[in-house]
Amino acid sequence: MSDTATTPYVRPDVKAFLDFMGSVPGPTMAEMGPEAARVSYVQMGVLAEAEPRELAVIKDLTCPGPAGEIPVRFYDLRETREAGPAVMFFHGGGFVIGDLESHHALCTEIAAELDLPVIAVHYRLAPEHPFPAAPDDCEAAARWVASNPAALGRTITGLIPMGDSAGGNLTIVVTQALAETPAAVPVVLQVPIYPLSDEKPDHASFLQFADGFVLTADTMQWFAEAYQAELGNPRAYPIHGNHADTPPTVLVTASLDPIRDSGRVYGAELIRAGAEVVFLEMKGTTHAFAQLRKAYPSAQGDMQRIFAAVRLLLDRG
């Protein structure tokens, strides 16, 4: 029986938040426009996201990019550490919203739980800066970190691109770019979380979860019109890229997400290519669960599963 022919399982805490959101009147993001939507996105985090973790180092920096300096934020649980890999974090938000503040708590969680340096990147946003500004900035930032800049005070031996939603897309794009033209240190693992990988308009999940499950079809259309991605271009839709050289991957989807199937088809391509993949589909939850850990208490457990999978692949020897 197909997914569309059954009533999907929704966790109780997820249902309670979706019911609450459905009862709150207000304009959609598209109706707000980019600037107001960006403010609203950060404010939502105050309501729905867990508190930031305490870390020894939280430092705002910039790195050189193709169109000027790129804001980055450096997180570390420790003041000093031995040589090792670092996480490159690319925030979600449909390439239109999101910044270092919207994903601050999540980045502190990643740094604390993985006990690795995290460098979050605030790439240029659409519609002011449409495709390919975002992947160009993210790739430039990854190459900068790989070069072991003195500003970080760390010896970085490998990169772990990681991101949610649009940031999951950028994670894959950057990983593919660094596989094709290596940086100063290798990508040792990638962690795309509910990524958009393709431009197929009629995935079953897209149709089933078009409204009422956090990310809506209308919002996705607004994002797409702003970003102006080029169809068939692997830097926009990495399903079209080369998967043969993909490093070990922790791929995460959510069962109630309209772009769930975009993540699934990417996972299938990795498996066909012989890549090492841990695939985690979080059942009964929605897109953006990583940023809704106060609203969805169960999402903390989802993050722990992701961290466990990352440790599994990093420690496999």
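Of note:
- Counted residues, segment 273-291 - those being of a type in the set (D, E, K, R) and assigned to a loop (DSSP other than H, G, I, E, B): 2
- Scanning segment 66-88 for residues that are surrounded by 17 or more Cβ atoms within 10 Å (Cβ to Cβ) and either touching a Gly at 6+ places or on another chain (Cβ under 6 Å) or free of Cβ contacts under 8 Å to residues at least 12 places away in the same chain (or both) yields a count of 1.
- Members of segment 121-175 found to be assigned to a helix (DSSP H, G or I) and either among the charged types (D, E, K, R) or surrounded by fewer than 22 Cβ atoms within 10 Å (Cβ to Cβ) (or both), listed by number: ALA133, ASP136, ASP137, GLU139, ALA140, ARG143, ALA146, ALA150, ALA151, LEU152
- Residue pairs whose Cβ atoms lie under 8 Å apart, separated by 6 or more positions or on different chains, with the first residue in segment 142-156 and under 17 Å from VAL188 (Cβ atoms) and in contact (Cβ under 8 Å) with a residue 60 or more places away in the chain and the second of a type in the set (Asp, Glu) and exposed (fewer than 15 other Cβ atoms within 10 Å of the Cβ), are THR155/GLU82.
- Flag for ARG235 being touching a strand residue (DSSP E or B) at 6+ places or on another chain (Cβ under 6 Å) and buried (at least 19 other Cβ atoms within 10 Å of the Cβ): no
- Residue in segment 204-223 that is in contact with a strand residue (DSSP E or B) (Cβ under 7 Å, 6 or more places away or on another chain), buried (at least 23 other Cβ atoms within 10 Å of the Cβ) and part of a loop (DSSP other than H, G, I, E, B) present: no
- Across segment 105-113, a minimum of one residue is classified as of a type in the set (Asp, Glu), surrounded by 19 or more Cβ atoms within 10 Å (Cβ to Cβ) and out of contact with any Leu (no Cβ under 7 Å at 6 or more places or on another chain).
Values in this text are rule-based calculations from the coordinates and carry no lab data. Please read all numbers here as calculations on a predicted model, not as lab measurements. In this analysis, Cβ positions are derived from the backbone assuming ideal geometry, glycine residues included, and neighbour counts consider all displayed protein chains.
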